[in-house]
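Enquirer: Shown below is the structure under consideration.
The values are calculated or read from the model by the stated rules, or taken from the named source; none is laboratory data. These numbers were taken from a predicted model, which means no experiment stands behind them. Note: ideal-geometry Cβ built from the backbone for every residue, glycine included; neighbour counts use all protein chains shown. What goes into the accessible areas is simple: the full protein's heavy atoms, side chains included, and nothing from ligands, DNA or RNA. Shrake-Rupley method; radii C 1.70, N 1.55, O 1.52, S 1.80 Å.
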Amino acid sequence: MSVKMPIALQLYTLRSEAEKDFIGTLKKVAELGYQGVEFAGYGGLPADELRDALREFNLVPVNSHVAIERLEKDLDGEISYALGIGLKDITVPYLVENRRNSKEAWIAVARQLQDMGKRIKEAGLNLHYHNHAFEFEKFDGKYGLDILIDNTDADVVKLEVDTFWVQYAGVDPVDYLKGLSGRVTMVHLKDMIKGQEPPFAEVGEGCIDIAGIIRVSREIGVQWGIVEQDVCQRPPLESVKLSIDNLKNMGVI
């Protein structure tokens, strides 16, 4: 029996297209059948213009990746823009090395995210953290990501689990997700071809257990699956079409 899940696209996948025509790219994403989008920048558009385009194309603004440095510089401004386009979620997508090279660094980041998360929550939004592979380096026997989890409240700092990078780090994403019930509201869906560089593949074209990830994601309360492909093996619009077509064929949509 198939498991249904709303599917969005991380627009970073179409960054070259979006740089030329941000609104036109949103229209193409909607035409392919994606139900929402995740931002990695807003194309320099005023909030009301972007909000109107999303409504026109019937796209849900699911989430936005915002560097921790930007949140440090202008948290109120980022919150205001997010609210202006109808977002409910903001995600820290990456940490530079000196923020994650020791147990103490992870604890410091956790405390910072906890403080930011409280302010973001007061505004009616949610703060998330998105992983790569470095979060699975161990400090005193614990993954960096688990140190972050242990030092933040589940209702203040949530997780967006990038299942590709979990697998890339040598950890089973299905098993790891099982231990995160109630903490994860979004997962990144991308696929991997072992022995290929870069190893990124369209969803359903590689070795990652996409069906298993979607099944356990629904079991633990995940609300959105988000397709992303860091580097495409073909024209990016062809890649994102293949990914959503494969998800349709799996019965996910």
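Enquirer: Tell me, what ³J(HN,Hα) does each residue in region 155-168 have, in order and in whole Hz, if you take phi through Karplus 6.51 cos²θ - 1.76 cosθ + 1.60 with θ = phi - 60° and put x for Gly and Pro?
Expert: Values, residue by residue: 8, 10, 10, 9, 10, 10, 8, 8, 5, 4, 6, 4, 5, 4 Hz.
Enquirer: Tell me the per residue accessible area of region 160-253 using a 1.4 Å probe; a whole number in Å² is fine.
Expert: 39 Å²
Enquirer: Just in region 165-198: which chymotrypsin sites (Phe, Trp or Tyr not before Pro) are loop by DSSP and have at most 16 other Cβ atoms within 10 Å?
Expert: Answer by residue number: there is no such site.
Enquirer: Could you state the accessible area per residue of region 1-130 in Å², with a 1.4 Å probe and every protein chain left in place?
Expert: Using a 1.4 Å probe on heavy atoms only, each residue of region 1-130 averages 48 Å².
Enquirer: Which of the lysines could a cross-linker span from residue 27 if the Cα-Cα distance has to be under 29 Å and same-chain partners fewer than 8 positions apart are dropped?
Expert: Qualifying lysines at Cα under 29 Å: 4, 88, 190, 241, 248.
Enquirer: Just for region 65-214, what percent of DSSP beta bridges are antiparallel, to the closest 5?
Expert: Taking every DSSP beta bridge with both residues in region 65-214, the antiparallel ones total about 25 percent.
Enquirer: What residues qualify as long-range amide H neighbours of residue 191, i.e. H under 5 Å apart, gap of 5 or more or another chain, H built at 1.01 Å from N?
Expert: Under 5 Å from the amide H of residue 191: 201, 203.
Enquirer: Pull up the cross-link candidates among the lysines for residue 20, meaning alpha carbon to alpha carbon under 18 Å and not fewer than 8 places away within one chain.
Expert: The qualifying lysines are 28.
Enquirer: Give me the mean projected area, in nm² to one decimal, of the convex hull enclosing the Cα positions of region 79-176.
Expert: Across all orientations, region 79-176 yields a mean hull projection of 6.5 nm².
Enquirer: Here is a follow-up. Below 22 Å, Cα to Cα, which lysines can residue 142 reach? Residues fewer than 8 away in the same chain don't count.
Expert: Reachable lysines: 103, 158, 178.
Enquirer: Which distance in Å, rounded to a whole number, links the C-alpha centroids of region 189-248 and region 30-44?
Expert: Region 189-248 and region 30-44 have Cα centres separated by 16 Å.
Enquirer: Once the other residues with Cβ under 15 Å from the Cβ of residue 189 are scored (Lys, Arg +1; Asp, Glu -1), what is the net sum?
Expert: Local charge sum for residue 189: -4.
Enquirer: Note down the net charge around residue 55, summing +1 for each Lys or Arg and -1 for each Asp or Glu among other residues with Cβ under 15 Å from its Cβ.
Expert: Result for the neighbourhood of residue 55: -2.
Enquirer: If you look at just the Cα atoms of region 112-253, how large are its Rg and its Dmax in Å?
Expert: 15.7, 46
Enquirer: Can you list residues whose amide H is under 5 Å from residue 128's amide H, if they're 5+ apart or on another chain and H is modeled 1.01 Å from N?
Expert: Long-range HN contacts for residue 128: 90, 91, 92, 158.
Enquirer: Let me know the shape class of the chain, please: from the alpha-carbon gyration tensor, a ≥ b ≥ c as square roots of the eigenvalues, rounded when a/c is under 1.5, otherwise prolate if a/b is greater than b/c, or oblate.
Expert: oblate
Enquirer: Taking the DSSP beta bridges in the chain as the whole, what percent of them are antiparallel, to the nearest 5?
Expert: Of those bridges, close to 10 percent are antiparallel.
Enquirer: Which value in deg cm²/dmol, rounded to the nearest 500, describes the helix-derived mean residue ellipticity at 222 nm for the chain, given -39,500 (n - 2.57) per DSSP H run of n ≥ 4 and division by the residue count?
Expert: After summing the helix terms and dividing by residue count, I get -13000 deg cm²/dmol.
Enquirer: Sort all Cα-Cα distances of region 1-62 into consecutive 5 angstrom bins from zero, then give the percent of pairs in each bin up to the one containing the longest distance.
Expert: Reading upward from the zero bin: 4, 18, 32, 27, 10, 4, 3, 2, 0.
Enquirer: Still on this structure, please answer the following. Among 244-253, 33-42, 212-221, how do they line up by average Cβ neighbours within 10 Å per residue, starting with the highest?
Expert: 33-42, 212-221, 244-253
Enquirer: Over the chain, with every protein chain in place, what whole percent of the accessible area is carbon and sulfur at 1.4 Å, could you tell me?
Expert: Result for the chain: 47 percent of the exposed heavy-atom area is carbon or sulfur.
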